[in-house]
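Heads up, the thing below is written out as structure tokens.
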Amino acid sequence: MIYNNLKLYLQNVYKNSLIINTIIETQSLFDIIFIQESPWLVIESISSSTCCKGEDLVGVPHYLNQITFSRLSSCASESPKVITYINICISSLCFSLQNDILNHRDLSCIPFFNQRSILFLINVYSDLSQSALKYLKNTQVNINNILIMTGNFRNNFWDPNFLYYSTYRDTLFEIADSFQLEILKPNELLTIIKTPIQS
């Protein structure tokens, strides 16, 4: 199946646009790049009818060879915490951003078509209060065919430097179970992935 060949990359960039630039330049073999804790920065100054100096256009970094999926926001306090970059070479799979399915600034839900099925990618930023996990646990969402839900969840399940037990570990397992996902642990970053069903 086509999604067995997709190459995925995950990174928390700690609000550093230079890290994103480096990833985009050096990881060109990846089809999909998941970014957590994305920067919210001034892209350019645009002319304005209310201010002679113009107004700042703020947003997330964009690149010519990538389709950028990120929430829109009118203020920095509500800025998105996740960005997903999709290589334009696979744009024929018709990716889109579905804020009506999961409406939280620390989450992005991106469906795409694979043959006759719709599959979902979910990118999660996990803050100290685990607000995204709480949202996922308390939101009654019925999503089938999740290909991958990924993030840098703060948890002692995979990170040996995380010394104390977190009750959110149980929450994470409950969410994975509700979406019928399998938990994997590559490179001390937690990825939750659904085992592909062969047809």
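Put simply, the C-alpha atoms of the stretch 9-67 give a gyration tensor, and the ellipsoid matching it has half-axes of 28, 12, 8 Å, longest first. Across q = 0.09, 0.13, 0.15 Å⁻¹, the stretch 1-143 modelled as identical point scatterers on its alpha-carbon atoms has Debye log10 I(q)/I(0) values of -0.31, -0.62, -0.81, in the order of the q list.
Among the trypsin sites (Lys or Arg not before Pro) in the stretch 96-151, those placed in a DSSP loop whose Cβ has at most 11 other Cβ atoms within 10 Å are R116. In plain terms, the residue of F113, F95, F34 with the fewest other Cβ atoms within 10 Å comes first and the most crowded comes last, giving F113, F95, F34.
Read the figures in this text as sums done on the coordinates, not as results from a lab. This one's a predicted model, so the numbers in the text were calculated from it and none came from an experiment. Heads up, the Cβs are rebuilt from the backbone with ideal geometry, glycines too, and the neighbour counts pull from every protein chain shown.
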